[in-house]
Amino acid sequence: MTVNYRPTQGLDKVYAYNLATKTVLSGWPFDVWSWPKGYPAITDIDNDNLQDVCIATDSGELFAIAYDGQVLNGFPKVMHAASISGVAVGDIDGDNLFELVASTSDGWVYAWDTTGAALPERADWPMRGVNARYTGVQPQSPPAAPTLEMLGSCPGKARFKTTGMTPNKNVAYLYAKGIGSFKVPNGNPCAGIVLGLNQSVAVAAIVSADGAGIAKFDVRLPSNACGNIYMQAIDLNACNTTDVILIQ
């Protein structure tokens, strides 16, 4: 499940909001009976592919709350003093399952096993402030691979469009008479990068991508290019390359 809500604390209650609609989720807020301590951890601890919210309190209880505001079976866990840390999640014993960890005001640290598989996507908010630097920022998905497509016809007017490039940086459009594994020689941008074109490669154009990482190259294609010439683009900042396409 993609977490699209954010717990907040106040008046001994934990709230979960849908950030898209800015409304409280059904089944929430959850009354924890005493003051929540630290920050919640959000992770799937019962292996049902839905995230759970884990909260420790100043009465020494640790709650695990399902997406619908219901307490999971086996919870709350009881500690012998008030929590001072909130809850952290991780695989601390190497069994590939998450454990929950909390500490108390009398100097003890508690750890509980769970049945949740210790996979990165199962712990969207595993510790205070989301991550070890407390930035409160969710990790971002990796950028999409660069793409190249041809719009128009051959022969005639055509546009080569790339996406996934570095915003506001240069993109080189390359062409060759065949595919291969030509390595960009020293002294050139992106030296050492292996292209999908053969040694007949040449530069058709260098253009700047826009703020969204999209670059466009317009050209009139002659008939002898159709079915004979291959194109590829390379991000001259990140040195990422697109797939090779045949002009046709």
Exercise. Would you be able to say whether some residue in segment 30-46 is of a type outside the set (F, W, Y), in contact with a helix residue (DSSP H, G or I) (Cβ under 9 Å, 6 or more places away or on another chain), at pLDDT 75 or above and part of a loop (DSSP other than H, G, I, E, B)?
Key: yes
Self-check item: Selected residue (criterion: farthest from N188 (Cα to Cα)) from residues of segment 233-248 that are surrounded by 22 or more Cβ atoms within 10 Å (Cβ to Cβ) and in contact with a Leu (Cβ under 8 Å, 6 or more places away or on another chain)
Solution: T242
Practice problem: For segment 172-206, enumerate the residues that are assigned to a loop (DSSP other than H, G, I, E, B), exposed (fewer than 12 other Cβ atoms within 10 Å of the Cβ) and among the hydrophobic types (A, V, I, L, M, F, W, C). | Solution: A191
Practice problem: May I ask you to list the residues in segment 228-248 that are part of a loop (DSSP other than H, G, I, E, B) and free of Cβ contacts under 8 Å to residues at least 60 places away in the same chain? | Solution: N228, I229, C239
Practice problem: Answer with yes or no whether G38 is more than 16 Å from G116 (Cβ to Cβ), touching a residue at least 60 places away in the same chain (Cβ under 8 Å) and in the same structural domain as A111 (by TED's automatic domain parsing). | Solution: yes
Quiz item: Does N49 meet the test of being under 25 Å from the mean Cα position of the chain (by Cα), under 24 Å from L119 (Cβ atoms) and either of a type in the set (S, T, N, Q) or not in a strand (DSSP E or B) (or both)?
Solution: yes
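The values are calculated or read from the model by the stated rules, or taken from the named source; none is laboratory data. Predicted model, so just to flag it, every value in this text is computed and none were measured. Ideal geometry is used to build each Cβ from the backbone, glycine not excepted, and the neighbour counts take in all protein chains shown.
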